[in-house]
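Notes follow the structure.
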Amino acid sequence: MAQQRHLNNAPVTEALIDFRVAPPNHKLDETAKRRLEERLAGTYVLKGPIRVSQFILGVAPTGEGSSITSTEELGARYHSSDDKFVAQFQSQGFTVSRLVPYTTWEHLRDEARRLWEFYVEALKPERVIRVACRYINNLRLPMQGGRHFEDFLTAAPAAPEKLPQAMLGFLKRVVIADYNEKAITILTQVLEHTQGISMEAVPVILDIDVQSQETFAPTDAALWDCLDRLRRLKNAAFFESIHEATAELYA
């Protein structure tokens, strides 16, 4: 494991905060959209609707086939004026993402808190039923000189001992329950098999998703306390997943 500390060049490609809510009293109708755009004016712009489509294929007794396609609009996606933040306002939840370059947790959390007030005003959810923070890290590992993934990752995927050990790709996903904190942590490590990877910077994705299914009123301050607690669990998962040599790459 590596020592927990601030990394000046953290390998975060996307960090997000996500709230799932009980069915709100209203969907994001045109009136709610106009209200949101008024509140977001000068800082965010509408990029487009969020839709889900269903395709149903059926076969009649005569043997003839039929299909039905339906599309439902769930909400809208907004981007900050510099395209560094993406906010999704949907009937089932609210998500704010920070893209590259990542700054600080406080910056992300405070922006989420500001936008959450607009979400509550527009969609009027009854309660929050899931809280999550997720960090997607792109580790560029120097694998030249016969180094192994175990040199950088504390729980690296491994091939069976008697098989060749030159792994070109892997996908490892572990779901960890923390009953004391009433949370789960989903750890995913991915290396995609693609041509032309430089051994000087092998791209391994370390995806950390920490969730709690505690229930909160939308304006309850404990909601943000829970989120800060999940962030601490996320930090622990990150530094427990890498060796000190890996942390030093981003110090």
From the options ARG51, ARG114, ARG109, ARG98, residue that is open to solvent by 70 Å² or more (accessible area, probe 1.4 Å) and modelled with pLDDT of 95 or more: ARG114
Enumeration of residues in the stretch 198-221 that are open to solvent by 30 Å² or more (accessible area, probe 1.4 Å), part of a loop (DSSP other than H, G, I, E, B) and at pLDDT 95 or above: GLN213, GLU214, THR215, ALA217, THR219, ASP220, ALA221
Cβ-Cβ under 7 Å pairs, at least 6 apart or on other chains, the stretch 135-159 side polar (S, T, N, Q), far side modelled with pLDDT under 95 and part of a loop (DSSP other than H, G, I, E, B): GLN144/MET199; GLN144/GLU200; THR154/MET1
One residue from LEU230, LEU249 being surrounded by 17 or more Cβ atoms within 10 Å (Cβ to Cβ) and aliphatic (A, V, I, L, M): LEU230
Near pairs, Cβ below 9 angstrom, 6+ apart or cross-chain, from the stretch 240-251 (farther than 13 Å from LEU206 by Cβ and at pLDDT 95 or above) to any residue that is surrounded by 13 or more Cβ atoms within 10 Å (Cβ to Cβ) and among the acidic types (Asp, Glu): ALA245/ASP151
Within the stretch 1-39, tally of residues that are touching a Ser or Thr at 6+ places or on another chain (Cβ under 9 Å) and either of a type in the set (Lys, Arg) or not in a loop (DSSP other than H, G, I, E, B) (or both): 8
Members of the stretch 80-95 that are over 16 Å from THR43 (Cα atoms), in contact with a Leu (Cβ under 6 Å, 6 or more places away or on another chain) and surrounded by fewer than 20 Cβ atoms within 10 Å (Cβ to Cβ): SER91
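The values are calculated or read from the model by the stated rules, or taken from the named source; none is laboratory data. Please read all numbers here as calculations on a predicted model, not as lab measurements. In this analysis, Cβ positions are derived from the backbone assuming ideal geometry, glycine residues included, and neighbour counts consider all displayed protein chains. Only protein heavy atoms, including side chains, enter the accessible area calculation; ligands, DNA and RNA are left aside. Shrake-Rupley method; radii C 1.70, N 1.55, O 1.52, S 1.80 Å.
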